[in-house]
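Working notes for the structure below.
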Amino acid sequence: MAAYAPLLARAHRGECWLVSRTLDAEVTLLGARQRRRSELPSGAGLAYRRATTGPAATLRGAALWFTLALPSVDALAADATPETLLNRNVRPFLRAFSRFGPPARYHGRDCIKQGDAPVALLGYALDARGAVLVDVILGCSRPALAHPGAAAFTHRGKGLDAVVTAVEEAVAAFGARALTTETLGPVGLAAPVTRDDDPVPAGYEPVGRLAVPIGAIEAWRGAEGWWLGGDALCSTAWLEALEGAFHRGAPPPPPTALDGAKPEDYLALRDG
């Protein structure tokens, strides 16, 4: 997650950044609040952690990973709100991807479809200062998603660099100011995630797990408070505030961004 820090610093200065990563690896990219063991058998596979929430992406071979860093939800689309964070901010990607195959569409939840096939996994983070990260991850050799009917991204025989260029052009066309593009080497993140229950604090015990529209959410509890996680897309700042409210016995804060679960689902975990 360390590679995200300079992106957020630039977003906090009011800049819009797009980072493109071209990968050729076998790796699982965990969401910010997913436990390693919920996605991989103990000790198996290579896993890294994203700063964005949402489900894991499983990459096998060539892949593209885009991260859009914005100073606010409405930096690219004036009508964007936390409730429409993905709907508005994936539009440049839809425009770019549609140049390489069937029309790309976003129908809600956590993926972009090319025709009827899910091809891109989405994740987001919204921090306490209002800065936004959006991850868009494409499997170009094999599907990166576990969704029914998922497929590898079709790019009509063109090189992956052509896809990167198309995304850069589309994002710039949406009015991003001070847009800078970096192409990083493979993965470009911190050390792999190796502890099975990472990122749950050591010493915490599981309270429960609940199926929701996007995967599952779960709760753990320890002497210092609560840990909430799982597959849902949400503001990480809100989830941390909710953990604090649970610990203090205070009313839960209203969500600032939440997709794939409801506040009541977390309350159900707390109350058993």
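Of the numbered criteria (1) at pLDDT below 95; (2) over 24 Å from ARG37 (Cβ atoms), the one GLY272 fails is (2).
Within the span defined as region 9-16, one or more residues are out of contact with any Leu (no Cβ under 9 Å at 6 or more places or on another chain), surrounded by fewer than 24 Cβ atoms within 10 Å (Cβ to Cβ) and part of a loop (DSSP other than H, G, I, E, B).
What pairs come up if the first residue lies in region 160-188 and is more than 12 Å from PHE97 (Cα to Cα) and among the basic types (Lys, Arg), the second is loosely packed, with under 14 Cβ neighbours inside 10 Å and at pLDDT 90 or above, and their beta carbons are under 9 Å apart, counting only those six or more places apart or on different chains? If the second residue must be loosely packed, with under 14 Cβ neighbours inside 10 Å and at pLDDT 90 or above, the pairs left are ARG177/GLY14. Being over 26 Å from PRO213 (Cα atoms), touching a residue at least 40 places away in the same chain (Cβ under 8 Å) and under 14 Å from the mean Cα position of the chain (by Cα) is a description that does not apply to TYR48.
Of the residues that sit in region 176-212 and are touching a Cys at 6+ places or on another chain (Cβ under 9 Å) and assigned to a loop (DSSP other than H, G, I, E, B), which one is modelled with the lowest pLDDT? Break it down into steps so the answer makes sense when it comes.
Initially, region 176-212 is screened for residues touching a Cys at 6+ places or on another chain (Cβ under 9 Å), giving 176-180.
After this cut, where a residue has to be assigned to a loop (DSSP other than H, G, I, E, B) as well, the list is 176-179.
Details: ALA176: 62, ARG177: 53, ALA178: 45, LEU179: 54.
The selected residue is ALA178.
Confirm whether ALA237 is modelled with pLDDT under 95 and either in a helix (DSSP H, G or I) or not assigned by TED's automatic domain parsing to the domain that holds ASP74 (or both). Quick ask: steps written out before the conclusion?
Working: modelled with pLDDT under 95: yes; either in a helix (DSSP H, G or I) or not assigned by TED's automatic domain parsing to the domain that holds ASP74 (or both): yes.
Yes.
Number of residues in region 94-119 that are in contact with a Phe, Trp or Tyr (Cβ under 7 Å, 6 or more places away or on another chain) and in contact (Cβ under 8 Å) with a residue 24 or more places away in the chain: the value is 3.
Against the condition outside any strand (DSSP E or B) and touching a residue at least 40 places away in the same chain (Cβ under 8 Å), how does LEU122 come out, does it pass? Break it down stepwise before answering.
On the way: outside any strand (DSSP E or B): no; touching a residue at least 40 places away in the same chain (Cβ under 8 Å): yes.
Here the answer is no, as LEU122 does not meet what is asked.
When region 43-66 is examined, which residues are found to be of a type in the set (D, E, K, R) and not in a strand (DSSP E or B)? Spell out how you get there, then give the answer.
At the first step, the residues of region 43-66 found to be of a type in the set (D, E, K, R) are 49-50, 60.
Listed by number, the list holds a single entry, ARG50.
Within region 240-269, the set of residues being of a type in the set (Ser, Thr, Tyr) and modelled with pLDDT under 95 comprises THR256 only. Of the residues making up region 24-42, those that are touching a residue at least 60 places away in the same chain (Cβ under 8 Å) and assigned to a loop (DSSP other than H, G, I, E, B) are GLY31, ALA32, ARG33, GLN34, ARG35, SER42.
The values are calculated or read from the model by the stated rules, or taken from the named source; none is laboratory data. Since we're looking at a predicted model, the values are computed, not measured. So basically every Cβ, Gly included, is an ideal-geometry build from the backbone, and we count neighbours across all protein chains shown.
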